[in-house]
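Here's the structure, in structure tokens; my notes come after.
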Amino acid sequence: MTKGRVFIDGEAGTTGLEIRERLAADPAIEVVSVDPALRKDPNARREAMASVDVVVLCLPDAAAVEAVALAGSLGAQAPRIIDASTAHRVADGWVYGFAELDANQAQAIKSATHVANPGCYPTGGIALLRPLVDAGLLPAGAGVTVNAVSGYSGGGKPMIESYEATKTAPAFELYGLGLAHKHVPELQRYSGLSRRPIFVPSVGNFRQGMLVSVPLHLDLLAGKPSSQDIQAALERHYAGADQVRVATAAETAKLGGRLDALGLNGTDKLELYVFPHDEHGQALLVARLDNLGKGAAGAAVQNIRLMLGL
């Protein structure tokens, strides 16, 4: 069997290490590396890029843009690219790497040359919102608020370094309070919203795990959908999905109104919940995932396998 060959540019970072760990267990994929002393050397990286089928970029945005240009300089030898940074998530010519976005997205990823891996926060928000917009239950122009909490590994390299170095981080804090977080453009575009959503991220003093929640006034929406309508739309959208599961109403009721952010840690799964209050015409939608799993490395590996036809 011919193995698919993958080079992770930036494999020493948090996401790169997580991707490498997952690929090491896949007999159909061979990971190509450069000498650690040469990991920033353009010639060594270019040589590695020329020898593989797919390059995964786990780099800061500016470095990712440079890496795309470096790969492009190979011409006919240029590999296909998955970019885990935010640099290309709403860029022309790039396919968004959330395979469950709609019925055609997995095929689009499979045939793409350039795939933008989703952000961890937008993965949860888009997973909740896009099916409702597509089903006509949530108007594209609705005013939507997306609240989210992540472990500190979801806050990027500076936050990871700060938490792990000081060991004195606050138990919980809000951030991005200027309402201009860099995830908002992809959250808006791929949710199908025409009105910019309000996104409120936060971080807890734990390494990984994520909850993304969207509160809705159902009685203010056109058609006044019930929580059962919302539940049914999510279930239809993700029917047959391998990595995304919609909890049944009975499962949600058994939780007693509580949900642990760490419940999917160590997995590449995404769970969606509808917490209803029909008397008040309200519902709270919640996505739970490991921000390093389906929110980063797990999604990248899913996209790698799609692109290699595995």
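With springs only between Cα atoms under 10 Å, which of 287, 300, 250 fluctuates most in a Gaussian network model of the chain?
For the chain, modelled as a Gaussian network with Cα springs under 10 Å, the answer is 250.
Among 184, 139, 295, flag the residue with its Cα farthest along the positive direction of the charge dipole of the chain, charges on Cβ as +1 for Lys/Arg and -1 for Asp/Glu.
Of the options given, the answer is 184.
If you put +1 on each Lys and Arg Cβ and -1 on each Asp and Glu Cβ, how big is the dipole of segment 50-191 around its Cα centre, in Debye rounded to 20?
I would put it at about 80 debye.
If you only keep lysine pairs separated by 8 or more in sequence, or across chains, how many in the chain come under 28 Å at the Cα atoms?
So the count works out to 22.
Against the longest alpha carbon principal axis of the chain, how many degrees, from 0 to 90 and to the nearest 10, is the axis of helix 227-237 turned?
30 degrees
What's the magnitude of the charge dipole for the chain around its Cα centre, counting Lys and Arg as +1 and Asp and Glu as -1 at the beta-carbon? Answer in Debye, nearest 20.
So the magnitude is around 160 debye.
Which is farthest toward the positive dipole end of segment 208-288 among 223, 248, 208, measuring Cα position about the Cα centre, with Cβ charges +1 (Lys, Arg) and -1 (Asp, Glu)?
Checking the options against the dipole of segment 208-288, the answer is 208.
Using Cα springs under 10 Å in a Gaussian network model of the chain, which residue among 14, 166, 145 shows the largest mean-square fluctuation?
So, out of 14, 166, 145, the one fluctuating most is 166.
Using the Cβ atoms and a cut-off under 14 Å, what net charge is assigned to the surroundings of residue 218, where Lys and Arg are +1 and Asp and Glu are -1?
Charge balance near residue 218 sits at -3.
Using a ≥ b ≥ c from the Cα gyration tensor of segment 1-78 (square roots of the eigenvalues), is it rounded, prolate or oblate, where a/c under 1.5 gives rounded and otherwise the larger of a/b and b/c decides, a/b for prolate?
Judged from the Cα gyration tensor, segment 1-78 comes out oblate (a/c at least 1.5, b/c at or above a/b).
In terms of the Cα gyration tensor, with a ≥ b ≥ c the square roots of its eigenvalues, is segment 93-165 rounded because a/c is under 1.5, prolate because a/b exceeds b/c, or oblate?
Because a/c hits 1.5 or more and a/b fails to exceed b/c, segment 93-165 counts as oblate.
Suppose only helical runs count, i.e. DSSP H with n ≥ 4. What mean residue ellipticity at 222 nm does that imply for the chain under -39500 (n - 2.57) per run, divided by all residues and rounded to the nearest 500 deg cm²/dmol?
-9500 deg cm²/dmol
Would you tell me the accessible area of residue 207, worked out with a 1.4 angstrom probe on the heavy atoms of the protein chains, in Å² to the nearest 10?
That residue has around 90 Å² of solvent-accessible surface.
Accessible area per residue of segment 73-146 at 1.4 Å probe, in Å²?
Computed with neighbouring chains in place, this is 33 Å² per residue.
Treat each spin label as a single point 7 Å out from the Cα along the C-beta direction, and report the residue 12 to residue 177 distance in nm.
For residue 12 paired with residue 177, the spin-label model returns 3.6 nm.
How far, in degrees from 0 to 90, does helix 120-134 lean away from the longest principal axis of the Cα atoms of the chain, to the nearest 10?
Compared with the principal axis, the helix lies near 50 degrees.
Connecting C-alpha atoms closer than 10 Å in a GNM of the chain, tell me which of 62, 165, 103 has the biggest fluctuation.
Looking only at 62, 165, 103, the biggest GNM fluctuation is shown by 165.
Please report the net charge: other residues with Cβ closer than 13 Å to the Cβ of residue 269, K and R +1, D and E -1.
Net local charge, residue 269 excluded: -2.
Take the solvent-accessible surface of the protein heavy atoms, probe 1.4 Å, and return the percent of it on segment 214-304 that carbon and sulfur atoms account for.
53 percent
Out of the DSSP beta bridges found with both residues in the chain, what percent are antiparallel (nearest 5)?
45 percent
The values are calculated or read from the model by the stated rules, or taken from the named source; none is laboratory data. Fair warning: this is a prediction, and the values are worked out from it, not measured in the lab. Backbone-built Cβ (ideal geometry, glycine too); neighbour counts: all protein chains shown. Accessible surface areas use protein heavy atoms only, side chains included; no ligands, DNA or RNA. Shrake-Rupley method; radii C 1.70, N 1.55, O 1.52, S 1.80 Å.
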